[in-house]
Amino acid sequence: CVCSMFKAEGEQQADSFLQNNKDFAIISAKKINFTDNRIVTEEGYLRTLPFYGGGMDAFFAVKLKKI
């Protein structure tokens, strides 16, 4: 996880890790019932942005499992 709104520091790092480590997979955040569905990306990453409201900061997180 990172407190950043830049994809280069979040999604792109996770994507690169997953490409180079085929024995890991994402545990999708889609399985969690969030009140704001905008914070879960198509890939299953968690991404908040300041303009979503509620006083949130920019934040990125991904949960991985070794397979």
- Item | Computed lengthening from residue 43 to residue 18, 0.36 nm per intervening residue step minus Cα-Cα distance | 7.8 nm
- Query: Leaving out ligands, DNA and RNA, what percent of the accessible area of the chain is carbon and sulfur, probe 1.4 Å?
  - Reply: 54
- Message: What aspartates and glutamates does residue 30 reach when the alpha-carbon gap must be under 12 Å and sequence neighbours fewer than 8 apart in one chain are set aside?
- Response: 42, 43
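Suppose R0 equals 30 Å. What FRET efficiency, 1/(1 + (r/R0)^6) with r the Cβ-Cβ distance, do residue 35 and residue 7 give to the nearest 0.05? Could you put the intermediate results ahead of the total?
Values: r = 24 Å, r/R0 = 0.79.
FRET efficiency, residue 35 to residue 7: 0.80.
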- Could you work out how far helix 11-20 tilts from the main Cα principal axis of the chain, as a 0 to 90 degree angle to the nearest 10? 10
- Task: Run the dipole for the chain about the Cα centre, Lys and Arg Cβ at +1, Asp and Glu Cβ at -1, nothing else charged, and hand back the magnitude in debye, nearest 20.
- Result: 280
- Message: Once you order the gyration tensor axes a ≥ b ≥ c over the Cα atoms, which shape class does the chain get: rounded for a/c under 1.5, otherwise prolate or oblate by comparing a/b with b/c?
- Response: oblate
- Message: Placing +1 on the Cβ of each Lys and Arg and -1 on the Cβ of each Asp and Glu in the chain, which of 53, 24, 12 has its Cα farthest towards the positive end of the resulting dipole?
- Response: 24
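The values are calculated or read from the model by the stated rules, or taken from the named source; none is laboratory data. In this text, all values refer to a predicted model and were calculated from it rather than measured experimentally. Positions of Cβ are generated from backbone atoms using ideal geometry, with glycine treated the same way; all protein chains shown enter the neighbour counts. Ligands, DNA and RNA are stripped out before the accessible areas are found, and what is left, the full protein with its side chains, is counted by its heavy atoms. Shrake-Rupley method; radii C 1.70, N 1.55, O 1.52, S 1.80 Å.
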